[in-house]
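Since every read-out is calculated from the coordinates, none of them should be taken as a lab result. The shown structure was predicted, so the numbers you read here are calculated from the model rather than taken from an experiment. Positions of Cβ are backbone-derived with ideal geometry, glycine not excepted, and every protein chain shown enters the neighbour counts.
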Amino acid sequence: MKRAVLLLAVVSSACAGRVNDELWRPFAEWSYATRIGTMIHESTWLFAAIESLHLLGLAAMGGAILLVDFRLLGLGLGDEPLRDLARDAQQVLLAGLALMLATGALLYLSEATKFYSDDFWGSAEFPFIYKMLFLLLALLFTFTVRRRALASTTPAARGMLPLIGLTSMLLWLGVAVGGRGIGFY
Amino acid sequence: MSAMVEWLAGTSGSIALHESQYMYVLVESVHVLTLCLFVGFSALLDLRLLGWLLRRVPVSKVVARLMPWTVAGFVVMIVSGALLFYAIPVRSYHSIFFRIKVVLLVLAGVNAWVFHGGIWRRRTSWDMDRVPPARARVAGAVSLVLWAAIIVAGRLIAYNWFDCDHPLPRVVVTLTGCAQESQ
């Protein structure tokens, strides 16, 4: 319950940030003008290099998530002990996630003003906000519900595993689709 | 080859795909997202070969269980990749990054072929090893590096730095087969 309230608070503040010219626009402009942001958008190849690293993180992280979610659905290494599999996959997941968050932050800085617009639906702002909301949901789900389920031993909790695997894949797919969407603007 | 690419670019399917607002984007998105399945699972196999992950699971079991998904991912990659080429044949053909990517793909194939024809045949003696023998580890490491490079090369195809209509250094002209001398 506490978690649900927290989630609601974060989501609503993100929505408020969207309409709040006082906060969101100055933040975007400040981000864009930071030394790192400037360096990246003035460089010919830096953005491409960072974007490539972002994709490498995607492959690593995607594989680690799919390995475990497949296991939850009884696919792939579906008969291996869940705990061992989850622990091994966790290392790749965290490495990939760290790379994606770091490069993602840099990509944001380099084109932050793209994500502030008067035309919410017709600009990159929509896929960006959508991606961040899904990212938030996916992270919360992965590090609370899913994490606990991976360590569960009770039969009742085990019955939920396929549903958790499916939810995880759908949430991360939502993030990925949002990321693709940003590229179209 | 060049003539074939020119012909391909003139086919109605190529033009339709190139000009369609949604189909191209859809194919491109499928190509990128399937990375997670194909390269993600390949990387996990490679990490097992390196003895970094899934050490308690026999190598042959990891291969047997993940390979069908990896192959399925590969098929999606090849089909969507071929469609992306089909949509923009001439530019892709002359793209230095596309050419690098093809060479790297061939190298990845050779690496897999060497692995399967060599150390993999003797897998019964090391299947349960937590850290596989050096040759298997090398195959895993080479594969990881190649696929990472393939992702980067693939991403860079989108950039026009070395397109034929730009002034290019002679070495790039040679590598891309751009017809700049006639201009």
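Return the average number of partner chain Cβ atoms within 10 angstrom of each residue Cβ along peptide B:27-38.
Averaged over the peptide's residues, the number is 5.
Only one residue of B:Leu44, B:Val57, B:Met4 has its Cα farthest out toward the positive end of the dipole of chain B, where Lys and Arg carry +1 and Asp and Glu -1 on Cβ, and that residue is B:Val57. Scalar couplings 3J(HN,Hα) for segment A:162-168, obtained by applying the Karplus form with A = 6.51, B = -1.76, C = 1.60 to θ = phi - 60°, are x, 5, 5, x, 5, 4, 4 Hz; x denotes Gly and Pro. Quotient of the Cα radius of gyration of segment B:2-176 and 2.2 N^0.38 Å, N being its number of residues: 1.21. Across segment B:138-145, computed HN-Hα scalar couplings (Karplus, 6.51 cos²θ - 1.76 cosθ + 1.60, θ = phi - 60°) run 4, 4, x, 5, 4, 4, 4, 5 Hz from first to last residue, x flagging Gly and Pro.
All other residues with a Cβ under 10 Å from the Cβ of B:Gly51 taken together, and with Lys, Arg as +1 and Asp, Glu as -1, what is their net charge?
+3
Positive end of the dipole of segment B:118-178 (Cβ unit charges, origin at the Cα centre): among B:Ala141, B:Trp120, B:Asn160, the Cα lying farthest that way belongs to B:Trp120. In chain A, Cα pairs under 8 Å separated by at least six residues give a relative contact order of 26 percent. Excluding A:Leu56 itself, calculate the net charge of residues whose Cβ lies under 14 Å from the Cβ of A:Leu56, where each Lys or Arg counts +1 and each Asp or Glu counts -1. Here the count lands on -1. Overall shape of the protein assembly as shown was characterised from the C-alpha gyration tensor. The equivalent ellipsoid obtained from it has semi-axes of 35, 32, 18 Å, in decreasing order. With the charge dipole of chain A set up from +1 on Lys and Arg Cβ and -1 on Asp and Glu Cβ about the Cα centre, the Cα lying farthest toward the positive end among the listed residues A:Gly57, A:Pro162, A:Leu173 is that of A:Pro162. Computed about its Cα centre, the charge dipole of chain A is approximately 740 debye, with only Lys, Arg, Asp and Glu carrying charge at their Cβ. Shielding value for A:70-77 is 3, the average number of Cβ atoms from other chains within 10 Å of each residue's Cβ.
Nearest 20 debye, what's the magnitude of the dipole of segment B:2-176 about its Cα centre given +1 on Lys and Arg Cβ and -1 on Asp and Glu Cβ?
Here the size comes out at about 1100 debye.
Peptides B:20-29, B:152-161, ordered by how many other C-beta atoms sit within 10 Å of their residues on average, highest first, read B:152-161, B:20-29.
Computed from point charges on the beta carbon alone (+1 for Lys and Arg, -1 for Asp and Glu), the dipole magnitude for the protein assembly as shown about its Cα centre is near 1860 Debye.
For the residues of A:50-60, the average number of beta carbons from a partner chain within 10 Å of their own beta carbon is 6. Neighbours of B:Val152 by Cβ distance under 15 Å: Lys/Arg scored +1, Asp/Glu scored -1, total +2. For segment B:40-46, the Karplus equation 6.51 cos²θ - 1.76 cosθ + 1.60, evaluated at θ = phi - 60°, returns couplings of x, 6, 4, 5, 5, 4, 4 Hz by residue, with Gly and Pro reported as x.
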